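First up is the structure itself, then whatever we jot down about it.
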Amino acid sequence: MNTLIYPGSFDPFTNGHVDIASRAALLCDRLLIVILTNRAKKQHFDADTRVAMARLAMEGVDNVEVEKFDGLLVDYYRRVDATAVVRGLRSQSDFRFEAEIAAANKLLLPSYETCLLPCRPDLAFTSSSLVREVASYGGDISGMVPKALVSIIQKHLNNNKPAALQPD
Ligand code: PNS
């Protein structure tokens, strides 16, 4: 069984994440989307809400499962006997970050592999931080996230306070 992991903070899940997860699901028997903590960033949605949003976003794709994990990605990788990790690439700066975490994880676990999937060009500027920023001003996020997530995100963030635009 060929298992790919798609890890991230997914804060929240966007159409860019849906694109990468849907394409990755075609490349494996089982795709595990795992919600982790990125300690370099403040997380705006709690882990259970992020899991629920990812499940709603990927509803109907049979070989996709979503769960959360509190710990190192390499420990999760070992636990599920993964074949590789999938990450999406939007830009050169994404590549720099991805190369760093791939190298760090490979040091921790020599069998660790990474597959980098370039994002769809029309989604290159869609990010969780942009979604949070627009939603926090009450703006229209329906072009950036799946329909089922729009009201959940707006309810959480539409308080007219700007969310910090942190890179992600
Ligand atoms: O969506 P993000 O925020 O770019 O994802 C980053 C993430 C969550 C994959 C990374 O922060 C992570 O793997 N966190 C779990 C803890 C860990 O393993 N840290 C070492 C990675 S080098």
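Just wondering, is there one or more residues in region 90-105 that are touching a residue at least 40 places away in the same chain (Cβ under 8 Å) and touching a helix residue (DSSP H, G or I) at 6+ places or on another chain (Cβ under 8 Å)?
yes
Taking region 98-112 on its own, how many of its residues are of a type in the set (D, E, K, R), near the ligand (Cβ under 9 Å from one of its atoms) and surrounded by 14 or more Cβ atoms within 10 Å (Cβ to Cβ)?
Of the residues in region 98-112, 1 are of a type in the set (D, E, K, R), near the ligand (Cβ under 9 Å from one of its atoms) and surrounded by 14 or more Cβ atoms within 10 Å (Cβ to Cβ).
Looking only at region 46-69, decide whether some residue is in contact with a strand residue (DSSP E or B) (Cβ under 8 Å, 6 or more places away or on another chain), of a type in the set (F, W, Y) and not in a loop (DSSP other than H, G, I, E, B).
Within region 46-69, not a single residue is in contact with a strand residue (DSSP E or B) (Cβ under 8 Å, 6 or more places away or on another chain), of a type in the set (F, W, Y) and not in a loop (DSSP other than H, G, I, E, B).
Among the listed residues F10, F45, identify the single one that is within 21 Å of E133 (Cα to Cα), within 12 Å of the ligand (Cβ to nearest atom) and modelled with pLDDT of 95 or more.
F10
Restricting attention to region 113-130, which residues are part of a helix (DSSP H, G or I), away from the ligand (no atom under 13 Å from the Cβ) and surrounded by 14 or more Cβ atoms within 10 Å (Cβ to Cβ)?
Result: L123, L130.
Within region 50-83, which residues are within 14 Å of the ligand (Cβ to nearest atom), farther than 14 Å from L36 by Cβ and crowded, with 16+ Cβ neighbours inside 10 Å?
M53 - this is the single residue of region 50-83 that is within 14 Å of the ligand (Cβ to nearest atom), farther than 14 Å from L36 by Cβ and crowded, with 16+ Cβ neighbours inside 10 Å.
Filter region 87-101 down to the residues that are under 22 Å from V34 (Cβ atoms) and of a type outside the set (K, R) and list them by number.
Matches in region 87-101: G88, L89, D94, F95, F97, E98, A99, E100, I101.
Restrict the check to region 15-27 and report whether at least one residue is open to solvent by 20 Å² or more (accessible area, probe 1.4 Å), among the hydrophobic types (A, V, I, L, M, F, W, C) and within 13 Å of the ligand (Cβ to nearest atom).
No: region 15-27 contains no residue that is open to solvent by 20 Å² or more (accessible area, probe 1.4 Å), among the hydrophobic types (A, V, I, L, M, F, W, C) and within 13 Å of the ligand (Cβ to nearest atom).
Looking at the structure I just gave you, is R87 open to solvent by 30 Å² or more (accessible area, probe 1.4 Å), among the basic types (K, R) and out of contact with any Cys (no Cβ under 9 Å at 6 or more places or on another chain)?
no
Do we have L36 as without any contact (Cβ under 8 Å) to a residue 24 or more places away in the chain and within 12 Å of the ligand (Cβ to nearest atom) here?
Spelling it out, it is not the case that L36 is without any contact (Cβ under 8 Å) to a residue 24 or more places away in the chain and within 12 Å of the ligand (Cβ to nearest atom).
Out of region 70-81, which residues are free of Cβ contacts under 8 Å to residues at least 40 places away in the same chain and outside any helix (DSSP H, G or I)?
If the condition is that a residue be free of Cβ contacts under 8 Å to residues at least 40 places away in the same chain and outside any helix (DSSP H, G or I), then D70, G71, L72 are the ones that fit.
Looking at R30, R39, can you tell me which residue is over 14 Å from the mean Cα position of the chain (by Cα), at pLDDT below 95 and not aliphatic (A, V, I, L, M)?
R39
Determine if region 93-107 includes at least one residue that is part of a loop (DSSP other than H, G, I, E, B), farther than 11 Å from I5 by Cα and among the aliphatic types (A, V, I, L, M).
no
The values are calculated or read from the model by the stated rules, or taken from the named source; none is laboratory data. On a predicted model such as this, the values are computed, not experimentally measured, just so you know. Don't worry about glycine lacking a Cβ; one is built from the backbone with ideal geometry, like all the others, and counts go over all protein chains shown. Ligands, DNA and RNA are excluded from the accessible area calculation, which covers all protein heavy atoms including side chains. Shrake-Rupley method; radii C 1.70, N 1.55, O 1.52, S 1.80 Å.
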